[in-house]
Amino acid sequence: MPLLLIETVPASQDAASVRAVIDAIERAVRDGGGEVVEAHVTVGLGRVYVAAEHPAEGGLRTALAGARLRLPPVEVTRVRLVGATLEDVKARRNGATYLVEWDFPTDLTMDRYLERKRANSVHYAAVPEVRFLRTYVREDMEKCLCLYDAPDEDCVRRAREAVSAPVTRLSRIIAP
């Protein structure tokens, strides 16, 4: 089943509204025969990220765009999981405290990204207080989302510097 990333900015940043958005996404995924892998919400409730397995990418887009869900606009993209297995993510479902988005340069290919990731990952050892958990790489090579467990934002930035990886956006995340 394809692995998809669903991103949205809730129209209202209160806890009840954000929970309703996540519930609607989860329902649409399940109703279409899929499974939610994990969900993350940024501090301030400004952005929601849901990783899901779903048999029909187009069908999920249509379901999420349906008026009955009353969702803000959502973006659904196919992703590749790097740095963890899907089974491990499903078993743990959390542990992440920070999410880094990196908007890729237009000339970066998946092969070059993966090669770069393999070569640089050993440098995370330079920042032992940070634990890299996993990355969702968009198949369209627009960006990736990297999840970390770290005590603070500065530690995450040092870890990104250690592996020579830029930061487009860095957010503390909370359990949905």
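Values computed for the structure shown
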| read-out | value |
| --- | --- |
| Computed lengthening from Val167 to Arg116, 0.36 nm per intervening residue step minus Cα-Cα distance | 16.8 nm |
| DSSP-defined antiparallel bridges as percent of all bridges, the chain, nearest 5 | 100 percent |
| The range 90-174, relative contact order in percent, only Cα pairs under 8 angstrom and at least six apart counted | 45 percent |
| For mean projected area of the Cα convex hull in nm², calculated from these coordinates, the label among [x] 9.8; [y] 9.2; [z] 10.3 | [x] |
| Among Leu64, Leu145, Leu86, residue whose mean-square fluctuation peaks in a GNM of the chain (springs only between Cα atoms under 10 Å) | Leu86 |
| Förster radius 30 Å - calculated FRET efficiency between Asp152 and Ala11, Cβ distance, rounded to 0.05 | 0.50 |
| The range 7-84 and the range 106-147: distance between their alpha carbon centers, rounded to Å | 23 Å |
| Placed amide H near Met141: partners under 5 Å, 5+ positions off or other chain | none |
| Under the Karplus curve 6.51 cos²θ - 1.76 cosθ + 1.60, θ = phi - 60°, whole-Hz ³J(HN,Hα) for the range 50-59, x wherever Gly or Pro sits | 10, 9, 8, 8, 8, x, 9, 3, x, x |
| Estimated FRET transfer efficiency (Ala126, Glu57; beta-carbon r; R0 30 Å; 0.05) | 0.20 |
| Relative exposure of Cys146, Cys155, judged by other C-beta atoms within 10 Å (fewest first) | Cys155, Cys146 |
| Label point distance in nm, Met141-Asp88, each placed 7 Å from Cα along Cα→Cβ | 2.6 nm |
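A short reminder: the numbers here are calculations on the coordinates, not readings from a lab. Since the model is a prediction, treat every value here as computed from it, not as a measurement. We place every Cβ from the backbone using ideal geometry, glycine too, and count neighbours over all the protein chains shown.
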